[in-house]
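Colleague: Here you go, one structure.
The values are calculated or read from the model by the stated rules, or taken from the named source; none is laboratory data. Predicted model only: the values in this text are computed from it and were never measured. Cβ sites come from the backbone with ideal geometry, for glycine too, and all protein chains shown count toward neighbours.
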Amino acid sequence: MELSLHSGGTLTVSDSVFGAKFNEALVHQAVTTFLAGARAGTKGQKTRSQVRGGGIKPWKQKGTGRARAGTIRSPLWRGGGKVFAAVNRDHSQKINKKMYRGAMRAIWSELLRQGRLVAVEQFVVESAKTKDFIAKMKADFNLDPSSAEVRNVLIITDNLDENLWLASRNLFRVLVLETGDLDPVLLVGADKVIMTAKAIELVNQWLALENSTSAAA
């Protein structure tokens, strides 16, 4: 299929990558798996057997008028152990490579169908000044990154330009990435994805290669 460039011209891409059907369940699984893998799971608490001290009975069993107690590390005491202590956990989930790439194809195709994907020949700014970057976005794409109405603009390049990164880093609604740093969560949450032609070719090669291999098998 032919993908139109914003500045004019077309780019040939695979139908399987940018013309796939949207599989909501598969995309949901890919997003959930990515978010689960990002969880730290480092919260830890101690049970009464793990808390230091408390090996001696605080007072005798009878005659004090107080309740019976065998250790100061009881969960009933301040500083004691937890009844159901949280332990370090691995929240990561598994997803097959074919399923993950199928989800990415569905996401790219849906971005294109909804008009949220804009292909450009290249994205270069002359200086590292934020005002020049904003001016370029207004002139070329009719977008004001400094406005509250614009949210989650994703700029994807094949090779990160230093001026582009410096000029956009102060705008928290804009994120500049290389193709190797993409993930399904960023793509699904982006209102507008601006992508260079070479970056599109890299994504097309990555996803179309797997599709052709699986088809041949």
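Colleague: Going through the range 145-159 one residue at a time, which ones are surrounded by 15 or more Cβ atoms within 10 Å (Cβ to Cβ) and within 18 Å of residue 198 (Cα to Cα)?
Modeller: Correct list: 154, 155, 156, 157, 158.
Colleague: Being of a type in the set (Lys, Arg), farther than 27 Å from residue 2 by Cα, surrounded by fewer than 17 Cβ atoms within 10 Å (Cβ to Cβ) and under 22 Å from the mean Cα position of the chain (by Cα), is that true of even one residue in the range 108-116?
Modeller: For the range 108-116, residues of a type in the set (Lys, Arg), farther than 27 Å from residue 2 by Cα, surrounded by fewer than 17 Cβ atoms within 10 Å (Cβ to Cβ) and under 22 Å from the mean Cα position of the chain (by Cα): absent.
Colleague: Just for the range 179-200: of the residues that are among the acidic types (Asp, Glu) and within 20 Å of residue 112 (Cβ to Cβ), which one is surrounded by the fewest Cβ atoms within 10 Å (Cβ to Cβ)?
Modeller: Across the range 179-200, the extreme among qualifying residues is 191.
Colleague: Given (1) in contact with a Gly (Cβ under 8 Å, 6 or more places away or on another chain); (2) closer than 22 Å to residue 31 by Cα, where does residue 187 come up short, assuming only one miss?
Modeller: Failed condition: (1).
Colleague: Further, regarding this structure: Name the residues in the range 158-185 that are within 18 Å of residue 105 (Cα to Cα) and in contact with a helix residue (DSSP H, G or I) (Cβ under 6 Å, 6 or more places away or on another chain), would you?
Modeller: 179, 183, 184, 185
Colleague: Yes or no: residue 98 in contact (Cβ under 8 Å) with a residue 40 or more places away in the chain, exposed (fewer than 15 other Cβ atoms within 10 Å of the Cβ) and touching an Asp or Glu at 6+ places or on another chain (Cβ under 8 Å)?
Modeller: So residue 98 fits the description; yes.
Colleague: Also, quick follow-up: Can you tell me which residue in the range 119-144 is surrounded by the fewest Cβ atoms within 10 Å (Cβ to Cβ), limited to those that are closer than 30 Å to residue 204 by Cβ and either touching a Leu at 6+ places or on another chain (Cβ under 9 Å) or of a type in the set (Ser, Thr, Tyr) (or both)?
Modeller: If we take residues in the range 119-144 being closer than 30 Å to residue 204 by Cβ and either touching a Leu at 6+ places or on another chain (Cβ under 9 Å) or of a type in the set (Ser, Thr, Tyr) (or both), then 124 is surrounded by the fewest Cβ atoms within 10 Å (Cβ to Cβ).
Colleague: Right, here's the next one. Does residue 50 satisfy being farther than 21 Å from residue 89 by Cβ, part of a loop (DSSP other than H, G, I, E, B) and polar (S, T, N, Q)?
Modeller: no
Let's see how each residue does on (1) assigned to a loop (DSSP other than H, G, I, E, B); (2) modelled with pLDDT of 90 or more; (3) touching a helix residue (DSSP H, G or I) at 6+ places or on another chain (Cβ under 6 Å):
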position: 8; (1), (2), (3): yes, no, no
position: 22; (1), (2), (3): yes, yes, yes
position: 25; (1), (2), (3): no, yes, no
position: 33; (1), (2), (3): no, yes, no
position: 43; (1), (2), (3): yes, no, no
position: 46; (1), (2), (3): yes, yes, no
position: 63; (1), (2), (3): yes, yes, no
position: 66; (1), (2), (3): yes, yes, no
